[in-house]
1. Give the residue that is nearest to residue 111 (Cα to Cα), with candidates limited to residues of the stretch 301-323 that are of a type in the set (A, V, I, L, M) and surrounded by 14 or more Cβ atoms within 10 Å (Cβ to Cβ).
2. Return a yes/no flag: does the stretch 302-310 have any residue that is more than 19 Å from residue 179 (Cβ to Cβ), hydroxyl-bearing (Ser, Thr, Tyr) and more than 15 Å from ligand 1 (Cβ to nearest atom).
3. Tell me yes or no: at least one residue of the stretch 183-191 is at pLDDT below 95, within 24 Å of residue 283 (Cα to Cα) and among the polar types (S, T, N, Q).
4. Can you tell me which residue among 135, 120, 94 is surrounded by fewer than 19 Cβ atoms within 10 Å (Cβ to Cβ), touching a helix residue (DSSP H, G or I) at 6+ places or on another chain (Cβ under 6 Å) and not hydroxyl-bearing (Ser, Thr, Tyr)?
5. Tell me, which strands (runs of 3 or more DSSP E) lie completely within the stretch 210-315 with 1 or more residues that are farther than 25 Å from residue 126 by Cβ?
6. Quick one: count up the residues across the stretch 206-221 that are within 21 Å of residue 282 (Cβ to Cβ) and either aromatic (Phe, Trp, Tyr) or in contact with an Asp or Glu (Cβ under 6 Å, 6 or more places away or on another chain) (or both).
Amino acid sequence: MKTSRSQKSEVRSQIFLFSVFCFLFSALCGCQNQRLYKETQVMMGTFVQVTSPEKSAAGIVFSEIKRIEDLLSKYNPDSEVSRLNKLGKLKVSPDTFYIIKKSKEFCEISDGAFDISVGPLVDLWGFTAQNYSIPKDEKIKNTLNLIGCDKIILKYNDNVVEFKTSGTKIDLGAIAKGYALDCAVNKLKERGIKNCLINAGGQVYALGEKFGLPWKVAIRNPRSLRLGEILALKDRSISTSGDYEQYFIKGNLRFCHILNPKTGYPADSGIVSVTVIAPSGLTADALSTAIFVLGKGKGIALAKKFPGTEVRIIEKKDVQNNR
Ligand code: AMP
Ligand code: MG
């Protein structure tokens, strides 16, 4: 028979266990209340996925990205970029003027490795229409006459952009997504949203945190669908430029969509994929493309000029299947 003392201690221990159970239960319920909303839309030629504890975040991001896409897409004949490419001279919006100005700065600092005037070359190789072919050397040489940032003139007093040479065209494919993410993040901040992950293909912005911890984003393995290094990010953008994103293979050689504006041929710097982590989407996007063209040594030297920037490079010698 139990004594009243042992009965009391058993009751006390049951109360203790019940309290522990209640504490754990409420803690677990608390976790379940920390819900994330996830929405995806096809925009800017890729899947844009928005993840946030705020339900309204996705709508804000999608409408801002759509606004930028409508200005900058070369696939929309009514966009400012398409009209500028057609007319050779156009008064543009502050957004378009700003991104062209930043592109010229990246062109200069990368010694012409990043150059939005590659438009005619991108068309020539069939990357715009996805109708790939290796152009004749003569055609590449003639097209190179249209390329160069000095061919893009900016008139600061009235936001007019003009091309020096007839036939010059700009292609913002290497910088527009990064800029669109920055614009979307600014809109989220204006509306008081502090935490959100935006993933637009190879381009990500991690705003704030995920329930008090940095967002986690994996870099893709360039030669398989397996994931590589996992990065913990807070208020950072990452951009990956890779030879696996758009390419064609002829005669055992891979021809990728990032072109060397000096030679007119696909970049062949030995890099298979480069990921840049930077405080802004625009910087991450432009730098990843520039480094892909420059190669590891010059690329890392360039990244050092941008404070708060980190780089991960995978070279041909690091992967088994080089094709
Ligand atoms: P990304 O994936 O950001 O590296 O951008 C690649 C896209 O940018 C290509 O599909 C082209 O539209 C364009 N592009 C290709 N080569 C260059 C270059 N050297 N500089 C700037 N844009 C480029
Ligand atoms: Mg880029």
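1. Let us first name the residues in the stretch 301-323 that are of a type in the set (A, V, I, L, M), namely 301-303, 311, 313-314, 319.
If we keep only those that are surrounded by 14 or more Cβ atoms within 10 Å (Cβ to Cβ) as well, we get 302-303, 311, 313-314, 319.
Values: 302: 10, 303: 13, 311: 19, 313: 20, 314: 22, 319: 28 Å.
This residue is 302.
2. no
3. Within the stretch 183-191, the first condition is being at pLDDT below 95, and the residues that meet it are none.
Checking the stretch 183-191: not a single residue is at pLDDT below 95, within 24 Å of residue 283 (Cα to Cα) and among the polar types (S, T, N, Q).
4. Sole residue among the options that is surrounded by fewer than 19 Cβ atoms within 10 Å (Cβ to Cβ), touching a helix residue (DSSP H, G or I) at 6+ places or on another chain (Cβ under 6 Å) and not hydroxyl-bearing (Ser, Thr, Tyr): 135.
5. Numbers: elements: 215-220, 227-233, 236-242, 247-250, 253-256, 271-278, 310-315.
Those strands (runs of 3 or more DSSP E) span 215-220, 227-233, 236-242, 271-278, 310-315.
6. Qualifying residue count for the region: 2.
Matching residues to (1) on the phi > 0 side of the Ramachandran plot; (2) within 16 Å of ligand 2 (Cβ to nearest atom); (3) modelled with pLDDT of 95 or more:
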residue: 145; (1), (2), (3): no, no, yes
residue: 148; (1), (2), (3): yes, no, yes
residue: 156; (1), (2), (3): no, no, yes
residue: 175; (1), (2), (3): no, yes, yes
residue: 201; (1), (2), (3): yes, yes, no
residue: 216; (1), (2), (3): no, no, yes
residue: 224; (1), (2), (3): no, no, no
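The values are calculated or read from the model by the stated rules, or taken from the named source; none is laboratory data. The model shown is predicted, which means the values in this text are computed figures rather than measured ones. Cβ atoms come from the backbone with ideal geometry, glycine included; neighbour counts cover every protein chain shown.
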